[in-house]
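Have a look at the structure below, then the notes.
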Amino acid sequence: MTVRAALDGHGLREVLDVVMLLTSELVTNAYRHTKGPASLRLTASGGGRSRVGMCDSSPYIPAPFDQSPGSRVAPVPADAGGGRGLLLVQEYADSWGGWALGDDLLGRGAGKLLWFEVGGDGAVARRSIAAVGV
């Protein structure tokens, strides 16, 4: 509901489905795979672009966030019980990235920031999610 309200408020309805899907994946992964605080930030970047950033307490940066846009991540086996969510990022986001947030006082990784952008001129996000059966 928060993502919908924020995008509607900024007139970004054309990217709503894609942003909601990809944001749901990032939030779910932070909840399932980290033990600590997490935060989400939505930013309207102008020109119809929307950026979503997710910070959590794990220093591990998963594919495709550890690679540049345009790199392809291998698909998971058909019988795998998970591992498909972040592949959606490479299909629907126009750009993405990830950064380690440094070390805490005990020398452990302090977490990471994962982000993606959609929208604007020539955006991948205009593809219909329903068209590929997601």
Criterion violated by G36 - all others in (1) open to solvent by less than 40 Å² (accessible area, probe 1.4 Å); (2) touching a Ser or Thr at 6+ places or on another chain (Cβ under 8 Å); (3) touching a residue at least 60 places away in the same chain (Cβ under 8 Å) satisfied: (1)
Search result, residues across region 53-67 that are in contact (Cβ under 8 Å) with a residue 24 or more places away in the chain, open to solvent by 50 Å² or more (accessible area, probe 1.4 Å) and of a type outside the set (D, E): P59, Y60
Spans of helices (runs of 4 or more DSSP H) in region 1-95 with at least 3 residues more than 28 Å from D121 (Cα to Cα): 16-33
Residues (open to solvent by 70 Å² or more (accessible area, probe 1.4 Å), touching a residue at least 24 places away in the same chain (Cβ under 8 Å) and within 28 Å of A110 (Cβ to Cβ)) located in region 12-33: H33
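Looking at D121, D79, which is the one that is modelled with pLDDT of 80 or more, among the charged types (D, E, K, R) and more than 17 Å from the chain's Cα centre (by Cα)?
Within the list D121, D79, the selection yields D79.
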Those residues of region 10-33 which are touching a strand residue (DSSP E or B) at 6+ places or on another chain (Cβ under 9 Å) and modelled with pLDDT under 90, in sequence order: H10, G11, L12, E14, H33
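The values are calculated or read from the model by the stated rules, or taken from the named source; none is laboratory data. Model, not experiment: these values are computed from the prediction. As a convention, Cβ positions derive from the backbone with ideal geometry for all residues, glycine included, and neighbour counts pool all protein chains shown. These area figures cover heavy atoms from the full protein model, side chains too; ligands, DNA and RNA do not enter into them. Shrake-Rupley method; radii C 1.70, N 1.55, O 1.52, S 1.80 Å.
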